[in-house]
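Student: To start, I am sharing the structure in question, which I have written as structure tokens.
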Amino acid sequence: MPEDQFAKNSRTRFASPDEISRVWQKWGLPIVCVERTYMPADVRGLFCLDENGEPAGLVTWAENEDGCEIVTIDAFHPDRGHGSRLMQAVEGEIAQTGAELIRIVTTNDNIRALIFFLKRGYRLARVHIDAMDRVRKYKPSVPDLGENDIPLRDMLELEKHITK
């Protein structure tokens, strides 16, 4: 979709693969999830825009056989509501595809993200023990300790069923 194409909410716009690539550089490529790895061309992306029309956050997702996976969500300026706007927008976009299930993963140290998703109706579906070993095969620089010095070992998979 062209980068100037706006989503239904005028405070969001679709992101091009080049724009997604620039944002993802901080994590390094590819983005490694439980079952797949993703490059910018593999996903769709939405920017949420600030009051000046500048990107304030990015959410990316990919369709799969039983729904969609949110691959990344990144509010560039935390605690301003951009993450909430991104989730609302992406859930609306995903609902239009006819998908019935949204999945997202986070690491076991990311307590803030876990709270964020649980508050929005996501439920813990699976714990992928030692999944970070797979990530480190692609990205050896991933540290052993994460936020709050918690050992970075597992991925937590959350799901939300979309009501139509």
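Student: For segment 65-87, name all the residues that are open to solvent by 10 Å² or more (accessible area, probe 1.4 Å), more than 18 Å from residue 113 (Cβ to Cβ) and in contact (Cβ under 8 Å) with a residue 12 or more places away in the chain.
Tutor: Hit for segment 65-87 is 66, nothing else.
Student: Where residues in segment 1-26 are within 22 Å of residue 103 (Cα to Cα) and at pLDDT below 90, which of them is surrounded by the most Cβ atoms within 10 Å (Cβ to Cβ)?
Tutor: 12
Student: Identify the residue in segment 101-114 that is in a helix (DSSP H, G or I) and open to solvent by less than 90 Å² (accessible area, probe 1.4 Å) and, among all such residues, is nearest to residue 84 (Cα to Cα).
Tutor: In the first step, residues of segment 101-114 are kept if they are in a helix (DSSP H, G or I); the result is 111-114.
Filter again for open to solvent by less than 90 Å² (accessible area, probe 1.4 Å), leaving 111, 113-114.
On the way: 111: 16, 113: 12, 114: 14 Å.
Per the criteria, the residue is 113.
Student: If you take the residues in segment 122-164 that are in contact (Cβ under 8 Å) with a residue 24 or more places away in the chain, in a loop (DSSP other than H, G, I, E, B) and open to solvent by less than 40 Å² (accessible area, probe 1.4 Å), which one is nearest to residue 29 (Cα to Cα)?
Tutor: It comes out as 139.
Student: Now for a different question. Among the candidates 34, 90, single out the residue that is buried (at least 19 other Cβ atoms within 10 Å of the Cβ) and β-branched (Val, Ile, Thr). Step through it out loud before you land on a result.
Tutor: Details: 34 fails: buried (at least 19 other Cβ atoms within 10 Å of the Cβ).
Matching residue, one of 34, 90: 90.
The values are calculated or read from the model by the stated rules, or taken from the named source; none is laboratory data. Quick caveat: nothing in here was measured; it's all calculated off a predicted structure. As a convention, Cβ positions derive from the backbone with ideal geometry for all residues, glycine included, and neighbour counts pool all protein chains shown. Accessible surface areas use protein heavy atoms only, side chains included; no ligands, DNA or RNA. Shrake-Rupley method; radii C 1.70, N 1.55, O 1.52, S 1.80 Å.
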